[in-house]
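The values are calculated or read from the model by the stated rules, or taken from the named source; none is laboratory data. Here the structure is a predicted model, which is why all the values come from computation and not from measurement. Glycine also receives a Cβ, built like all others from the backbone with ideal geometry; neighbour counts cover every protein chain displayed.
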Amino acid sequence: MNAVIRTEQLVKRFGHVTALDRLDLEVAQGETHGFLGPNGAGKSTTIRVLLGMLRSDDGRAELFGADPWKDAATLHKRLAYVPGDVALWPGLTGGETIDLLGRLRGGIDKAKRDELLERFDLDPRKKGRSYSKGNRQKVALVAAFAADVDLLLLDEPTSGLDPLMGAVFNECVKEASAAGRTVLLSSHIMSEVEALCDRVSIIRKGVIVETGTLAEMRHFSRSRLRATLKNPLRGLGDHEGVHDLKVDGLDIECSVDTAALDDVLAQLAVAGVAGLTCEPPSLEEIFLRFYGDELAASGVPNGESK
Amino acid sequence: MTAAVAELEDGLGTLAGTGNLLRFQLRRSRLYLLGWLAGLAGGTWLVAQSFPGLYPDAAGREAYALTVNTPAMRSMTGPETYIEAYGASTGAMFAHQMILWTGTLTAVMFLLLVTRLTRADEETSRSEVFRANPIGRRADLAAALLLAGLAAVALGALMALAVAALPGGQDGSAILFGLAHTAIAVLFAGVAAVTAQLASFASTANGLAFAVIGWSAFTAGVGNAQENWAVWLSPVGWAQETFVYTPDQRWWPLAFAGIVAVLTVWLAFALVTHRDFGQGMMAARLGRAEAKPGLNSATALTFRLTKGVFWAGIITMLLLGAAYGSVLGGADDMLEGLSETERAVLERGGSSIEENITATFVALNGLFASLFGLLIVGRARKEETQGRGELIAAGAVPRSGWPGSYLPAALWAATAATVVAGVFLGLGGASSLGDGSYFATGLWASLLQLPAVWALTAFAFAAFAWLPRLGWLRWLAWVWLFIVLYFATLLELPEWAQAVSPFHHLAAYPAEDVDWLSAALVTAAALALAALGYAGARRRDLSFN
């Protein structure tokens, strides 16, 4: 597999703060990769190192097999970037900004640009100072999706967009993916990532704590199981794959490791099942599991339970 | 009858909550007000303190009066009536030279104050927070104008105190001087209140109000230069027409300012209820849907974004050059009017006073032209801290293009401003001396300052590239160079302290012969600083917020 983005043991420090602490990230060609983490986890820092704006202190970062710090300008011809908070020039119109950004990559497809303006419902004649946050975001999105590039770096691109425009955004990402583009989508909107991404990396305090497809992640995670039994069942709590068991007469509720589902279902069948629901974990639950201790510190009792 | 009462009640209802709002706005603006009031009144006080010592005797002041009585100098000071009173009154000399500037700064202070309390709050939705409370539709405008009124009275009182000790006044001269500033303040508060209703954005509102200031300075300048009616079209001109501190002192011209203030305030209150919250009377103008073909690189963008600073530099230096040139004709007389210390400043080792003065003027021109280069370097930092540069830096642009293109933009502005100053120094000098050959001397002397202009600008860029957080470094350098140029001989600065200044190394042409070697060395230093700057721009992290 050809990696478009590869970092190995990437370290970035700002003074005493270590923003990236030996971060390993790999994004294959053509995939849409979700980059999940709360604010301050290091998502934007990673992307800025990949853009050659920040110089890494240790480790390696590669973009299309080249060094993003040394070859920034050449590499940037092959990518488009949308920051999370787009600042525009107050005196330039949206249309001028889009054209300028396109020309910096050697030209813009006018038909594509106009089509995107239509789809995102953006007036290109307004000056930068008069756009709302969502509209500023749209300016950068139109410029990025109109560009004929191999890689899209999207850093929380939908912050400020309304749900309608969020749907347009999702369509545009799918089209880009269908056209063979690689997408790195940093986000904390789980539904967006679940809908769009082939693989996901979860970042925490500058380290990738989990990476894989959603199916893989679910496999290593727990399903939520509720059942109403016909007869009382003993010993379920002793099973090492069963967690947070609550028994209320014949009603039971617990989380079960995906690997232990077989076993647990067999035990339930012995007691007789009157009713059963079993939900795979949502991405949100997987995500929150990695942040359980931080949630506890903020007063949320258990990251996994809803 | 009942309808009239209802209307009155409605009218008062729109003002509900003004008192609370006023207290809140006063609290929010206290630093702004303190800073401006202290700066304006304190600066005026300092100058007023130094005047009697600088020009102690009537004969000296009269000699000085001859040099300022040229059209160009009058346009930058005030009417001739003051000049005639120079000998009799130090206060007249002071008021003549100050009112245009303190008056204009007062106008700036009050228009910015009113805009930030009205349109800027509406634009950022801060005032939506107030409007959700039981507060009338006109209350925020009323609070802003009341606050401006209080500040205007405070400013007038402080200005009167600042000049109270000046000799040569008539009855109530100090009070009239203060009142003139109060009048200008109230008038421009009214103007800004109107532009805040017209425009949808604070920047547009300020732009419109600044256009009124430009109008005010322009008509006063033309009117005073030509000695005609144009000065009566100028708000600052009305303050000048009081002839404060002269025997012809009069109060009534300030009534014009009062009338215009009342009219503008009335208009603002009328407009505020005729528009929707958050909107201006003028719709925001739409611009181009597509960029012009020329806007195709980071460099093109940089030059476009710095166009305003560039033209401000050209116009400022055009005026400064012309003013310096116009003084040359009366240089001999001026020398007699100068104090010992001022003569020492001008001493450059030349054979004639014109040569000495020209050498000083061109160095000053170079230093002032560099200001605009420094301002443009500051823009590069602003693009970084405000995050706009991020979109460009993520494009296929090397660091030499962004932020690197700010160096050529800064050099271009500083160079063009120096050349324009040289051309107009030459023209003004040739005309005031009645000697056409001076044009070449003045222009050539100005061009010879360019290596130093480049070195200072390149230093600012290198400082930005290596030490982006220390923006004050470039201003420190500028101020130090100014001190070296102006006060080195007075303060007996050691040679090493002067050697820091690139201007110090250039020969004081035409007072001295051209020194090609030092010109080449300063140019080389500028190149080295530029190279250092580019190396820094390549090396460092870009920190966008």
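With A:E156, A:E96 as the choices, which residue is buried (at least 20 other Cβ atoms within 10 Å of the Cβ), within 18 Å of A:A80 (Cα to Cα), modelled with pLDDT under 95 and of a type in the set (D, E)?
A:E156
What number goes with the only condition from (1) more than 13 Å from chain A (Cβ to nearest Cβ); (2) more than 19 Å from B:E354 (Cα to Cα); (3) surrounded by 23 or more Cβ atoms within 10 Å (Cβ to Cβ) that B:L318 does not pass?
(3)
Do we find that A:A146 is more than 30 Å from A:M217 (Cβ to Cβ), within 13 Å of another protein chain (Cβ to nearest Cβ) and buried (at least 18 other Cβ atoms within 10 Å of the Cβ) in this structure?
Yes.
How about the stretch B:43-52: which of its residues are surrounded by fewer than 18 Cβ atoms within 10 Å (Cβ to Cβ) and within 17 Å of the chain's Cα centre (by Cα)?
The answer is B:G43, and nothing else.
Need pairs with beta-carbon distance below 6 Å; first residue within 27 Å of A:S132 (Cα to Cα) and within the stretch A:70-85, second assigned to a helix (DSSP H, G or I) and among the hydrophobic types (A, V, I, L, M, F, W, C); sequence gap 6+ or separate chains.
Final answer for the pair search is A:A80/A:A144; A:V82/A:A140; A:V82/A:L141; A:V82/A:A144.
Applying the selection to the stretch B:488-500, what residues are hydrophobic (A, V, I, L, M, F, W, C) and either loosely packed, with under 14 Cβ neighbours inside 10 Å or over 15 Å from B:A359 (Cβ atoms) (or both)? If you could, list the steps in order and put the result at the bottom.
Here is the first cut: in the stretch B:488-500, the ones hydrophobic (A, V, I, L, M, F, W, C) are B:488, B:490-491, B:493, B:496-497, B:499-500.
B:L490, B:L491, B:L493, B:W496, B:A497, B:A499, B:V500, listed by residue number.
Of all the residues that make up the stretch B:267-298, how many are under 30 Å from A:L100 (Cβ atoms) and more than 14 Å from chain A (Cβ to nearest Cβ)?
Looking only at that region, the number is 0.
It is to be established whether one or more residues within the stretch A:74-85 are within 27 Å of the chain's Cα centre (by Cα) and among the β-branched types (V, I, T).
Within the stretch A:74-85, one or more residues are within 27 Å of the chain's Cα centre (by Cα) and among the β-branched types (V, I, T).
Return the total of residues in the stretch A:8-30 being closer than 26 Å to A:K174 by Cβ and crowded, with 21+ Cβ neighbours inside 10 Å.
Number of matching residues: 2.
Going through the stretch B:207-228 one residue at a time, which ones are within 14 Å of chain A (Cβ to nearest Cβ) and either crowded, with 23+ Cβ neighbours inside 10 Å or within 13 Å of B:L267 (Cβ to Cβ) (or both)?
Within the stretch B:207-228, no residue meets the criteria.
Quick check on my filter: what residues within the stretch B:508-545 are under 30 Å from A:S56 (Cα atoms), of a type in the set (S, T, Y) and in a loop (DSSP other than H, G, I, E, B)?
If the condition is that a residue be under 30 Å from A:S56 (Cα atoms), of a type in the set (S, T, Y) and in a loop (DSSP other than H, G, I, E, B), then B:S543 is the only one that fits.
Could you list, in sequence order, all residues of the stretch B:471-492 that are part of a helix (DSSP H, G or I) and either among the hydroxyl-bearing types (S, T, Y) or in contact (Cβ under 8 Å) with a residue 40 or more places away in the chain (or both)?
Residues satisfying the conditions are B:R474, B:W475, B:W478, B:L481, B:F482, B:L485, B:Y486, B:F487, B:T489, B:L490.
Can you pull out the strands (runs of 3 or more DSSP E) entirely within the stretch A:31-143 that have at least 1 residues that are more than 20 Å from B:G387 (Cα to Cα) and more than 8 Å from chain B (Cβ to nearest Cβ)?
Output list reads A:32-36, A:58-63.
Please work out if B:G366 is more than 14 Å from chain A (Cβ to nearest Cβ), modelled with pLDDT of 90 or more, out of contact with any strand residue (DSSP E or B) (no Cβ under 8 Å at 6 or more places or on another chain) and crowded, with 23+ Cβ neighbours inside 10 Å. Write out each step before concluding.
On the way: more than 14 Å from chain A (Cβ to nearest Cβ): yes; modelled with pLDDT of 90 or more: yes; out of contact with any strand residue (DSSP E or B) (no Cβ under 8 Å at 6 or more places or on another chain): yes; crowded, with 23+ Cβ neighbours inside 10 Å: yes.
Judged against the criteria, B:G366 is a match.
Restricting to the stretch B:54-102, name every residue that is among the β-branched types (V, I, T) and either at pLDDT 85 or above or farther than 22 Å from B:T44 by Cα (or both).
Within the stretch B:54-102, B:T67, B:T70, B:T77, B:T81, B:I83, B:T90, B:I99, B:T102 meet the criteria.
Output the helices (runs of 4 or more DSSP H) that fall wholly within the stretch A:188-298 and possess 1 or more residues being within 30 Å of A:I47 (Cα to Cα), or say none.
Here the list reads A:190-196, A:214-219, A:283-290, A:292-297.
Among the residues that make up the stretch B:479-487, is at least one of them modelled with pLDDT of 90 or more, surrounded by 14 or more Cβ atoms within 10 Å (Cβ to Cβ) and not polar (S, T, N, Q)?
The answer is yes, given that some residue of the stretch B:479-487 is modelled with pLDDT of 90 or more, surrounded by 14 or more Cβ atoms within 10 Å (Cβ to Cβ) and not polar (S, T, N, Q).
Name every residue in the stretch A:278-291 that is of a type outside the set (A, V, I, L, M, F, W, C) and farther than 25 Å from A:A227 by Cβ, in order of residue number.
Answer for the stretch A:278-291, where residues must be of a type outside the set (A, V, I, L, M, F, W, C) and farther than 25 Å from A:A227 by Cβ: just A:Y291.
Inspect the stretch B:173-194 for any residue being among the β-branched types (V, I, T) and at pLDDT below 90 and give the result as yes or no.
Applying the first criterion (among the β-branched types (V, I, T)) to the stretch B:173-194 yields B:175, B:182, B:184, B:186, B:191, B:194.
Within this subset, residues satisfying the condition of being at pLDDT below 90 are none.
No: the stretch B:173-194 contains no residue that is among the β-branched types (V, I, T) and at pLDDT below 90.
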